[in-house]
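*Asks:* Take a look at the following structure, please.
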Amino acid sequence: MRGEPSCPKCGGRVRPPGLFADTWQCGLHGTVHPLQPVVPPSVEALTVVVKRARVPVWMPWPLPVGWLFTGIACAGDDRSGGRATAVACSGPGPLGGMGELLLVAEELGVGLGARYAGIDGPDPGPHLRVDDPPDVKLHAAGRPTPLWPVREVPPDRAVFAGEALGMWLWAIVWPEQTGLLMYDELVLTDLRDAGAEVDLLPCGALSPRLLT
């Protein structure tokens, strides 16, 4: 599955660095970190992104029972490295049916998480209910990490966001009721620090959520 880099904020076409600009350019958003083409999930594809990433590559570890790794996306290029990553997992939802989880780590202003969340971006700050206690507390890289619900998202999903390792952390789940999964004290591992056990990661079919 081949394609061209695209804008992480809108999915539009981007122009590579050239004579008049030394950065990738979107006609709507200006300078961006290009979203690389998404490829079918595999340990090899995951390894490529992990080696390039300058931000965490979050994965529930261990995966919930019955869940599979279903894809990864990365924004950035060979020169700048990965400035945003999105890891997709799919499996049985807490209330039945299939659920999907997308974990996005990104630097300030990249806009990939907001795109998948279905809101105006680039960052979650204006949409966070930080005046209330956090809805979700999980562990990311061994540290307690609070996440707050994100407002004004489409009704087919639940979105939570916070900060981990100095980067934005988004958790986006479909359908909305699968958000109950977030209350099970998930443990997230940064795959940049994982060992050989990643080679045993169960892979499923590519999540269409990464292609929206």
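*Asks:* In the stretch 104-139, which residues are of a type in the set (D, E, K, R) and free of Cβ contacts under 8 Å to residues at least 12 places away in the same chain?
*Replies:* Applying the first criterion (of a type in the set (D, E, K, R)) to the stretch 104-139 yields 106-107, 115, 120, 123, 129, 131-132, 135, 137.
Those that are of a type in the set (D, E, K, R) and free of Cβ contacts under 8 Å to residues at least 12 places away in the same chain: Asp120, Asp131.
*Asks:* Let me ask something additional. Could you tell me which residue of the stretch 1-59 is farthest from Asp193 (Cα to Cα), considering only residues that are assigned to a strand (DSSP E or B) and small (Gly, Ala, Ser)? It would help to see each step written out before you state the result.
*Replies:* From the stretch 1-59, those assigned to a strand (DSSP E or B) are 6, 13-15, 25-26, 30-31, 35, 53, 58-59; that's our starting set.
Pick out the ones that are also small (Gly, Ala, Ser) and you get 6, 30, 53.
Numbers: Ser6: 28, Gly30: 33, Ala53: 12 Å.
Ranking the candidates gives Gly30 first.
*Asks:* With (1) on the phi > 0 side of the Ramachandran plot; (2) touching a residue at least 24 places away in the same chain (Cβ under 8 Å) as the list, and Pro34 as the residue in question, which single condition is left unmet?
*Replies:* With respect to (1) on the phi > 0 side of the Ramachandran plot; (2) touching a residue at least 24 places away in the same chain (Cβ under 8 Å), Pro34 is out only on (1).
*Asks:* Sticking with this structure for a sec: Can you tell me which residue within the stretch 4-26, out of those that are under 20 Å from Asp123 (Cα atoms) and more than 20 Å from the chain's Cα centre (by Cα), is least open to solvent (accessible area, probe 1.4 Å)? First the steps, then the outcome.
*Replies:* Applying the first criterion (under 20 Å from Asp123 (Cα atoms)) to the stretch 4-26 yields 6-12, 24-26.
After this cut, where a residue has to be more than 20 Å from the chain's Cα centre (by Cα) as well, the list is 24-26.
On the way: Trp24: 43, Gln25: 37, Cys26: 10 Å².
Restricting to residues being under 20 Å from Asp123 (Cα atoms) and more than 20 Å from the chain's Cα centre (by Cα), the top hit is Cys26.
*Asks:* Only one of these conditions is not met by Glu106: (1) closer than 18 Å to Val198 by Cα; (2) at pLDDT 95 or above. Which number is it?
*Replies:* (1)
*Asks:* Please work out if Val110 is within 15 Å of the chain's Cα centre (by Cα) and more than 21 Å from Pro202 (Cβ to Cβ). Steps first, please.
*Replies:* On the way: within 15 Å of the chain's Cα centre (by Cα): yes; more than 21 Å from Pro202 (Cβ to Cβ): yes.
Against the criterion (within 15 Å of the chain's Cα centre (by Cα) and more than 21 Å from Pro202 (Cβ to Cβ)), Val110 qualifies.
*Asks:* Tell me yes or no: at least one residue of the stretch 192-212 is small (Gly, Ala, Ser), within 22 Å of Asp132 (Cα to Cα) and surrounded by 20 or more Cβ atoms within 10 Å (Cβ to Cβ). Write out each step before concluding.
*Replies:* Within the stretch 192-212, the subset small (Gly, Ala, Ser) is 194-196, 204-205, 207.
Now narrow it down to the ones that are within 22 Å of Asp132 (Cα to Cα): none.
No - not one qualifying residue is present in the stretch 192-212.
*Asks:* Quick test of your reading of the structure: Arg52 fulfils all but one of (1) open to solvent by 60 Å² or more (accessible area, probe 1.4 Å); (2) free of Cβ contacts under 8 Å to residues at least 12 places away in the same chain. Name the failing condition by number.
*Replies:* (2)
This table checks each residue for (1) modelled with pLDDT under 95; (2) more than 19 Å from Ala88 (Cα to Cα).
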residue	(1), (2)
Pro133	yes, yes
Leu138	yes, no
Glu152	yes, yes
Leu169	no, no
Leu181	yes, no
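*Asks:* Can you give me the number of residues within the stretch 110-141 that are surrounded by 15 or more Cβ atoms within 10 Å (Cβ to Cβ) and either in contact with a helix residue (DSSP H, G or I) (Cβ under 8 Å, 6 or more places away or on another chain) or not in a strand (DSSP E or B) (or both)?
*Replies:* Going through the stretch 110-141 one residue at a time, the tally reaches 20.
*Asks:* Further, regarding this structure: For the stretch 68-103: of the residues being farther than 19 Å from Ala205 by Cα and in contact (Cβ under 8 Å) with a residue 40 or more places away in the chain, which is surrounded by the fewest Cβ atoms within 10 Å (Cβ to Cβ)?
*Replies:* So in the stretch 68-103, the residues farther than 19 Å from Ala205 by Cα come out as 75-84, 94-96.
Among the residues that remain, those that are also in contact (Cβ under 8 Å) with a residue 40 or more places away in the chain are: 75-77, 80, 83-84, 94-95.
On the way: Ala75: 29, Gly76: 27, Asp77: 18, Ser80: 14, Arg83: 25, Ala84: 27, Pro94: 15, Leu95: 11.
Among those that are farther than 19 Å from Ala205 by Cα and in contact (Cβ under 8 Å) with a residue 40 or more places away in the chain, it is Leu95.
*Asks:* Listed residues Leu128, Leu102, Leu147; which is of a type in the set (A, V, I, L, M, F, W, C), closer than 19 Å to Cys7 by Cβ and touching a strand residue (DSSP E or B) at 6+ places or on another chain (Cβ under 7 Å)?
*Replies:* Numbers: Leu128 fails: closer than 19 Å to Cys7 by Cβ; Leu147 fails: closer than 19 Å to Cys7 by Cβ.
Going through Leu128, Leu102, Leu147 in turn, the sole match is Leu102.
*Asks:* Next up: The conditions are (1) of a type in the set (A, V, I, L, M, F, W, C); (2) touching a Pro at 6+ places or on another chain (Cβ under 6 Å); (3) over 18 Å from Leu63 (Cβ atoms); (4) open to solvent by less than 60 Å² (accessible area, probe 1.4 Å), and Leu165 fails exactly one of them. Which is it?
*Replies:* Only one criterion in (1) of a type in the set (A, V, I, L, M, F, W, C); (2) touching a Pro at 6+ places or on another chain (Cβ under 6 Å); (3) over 18 Å from Leu63 (Cβ atoms); (4) open to solvent by less than 60 Å² (accessible area, probe 1.4 Å) is unmet by Leu165, namely (4).
The values are calculated or read from the model by the stated rules, or taken from the named source; none is laboratory data. These numbers come from a predicted model, not from an experiment. Note: ideal-geometry Cβ built from the backbone for every residue, glycine included; neighbour counts use all protein chains shown. What goes into the accessible areas is simple: the full protein's heavy atoms, side chains included, and nothing from ligands, DNA or RNA. Shrake-Rupley method; radii C 1.70, N 1.55, O 1.52, S 1.80 Å.
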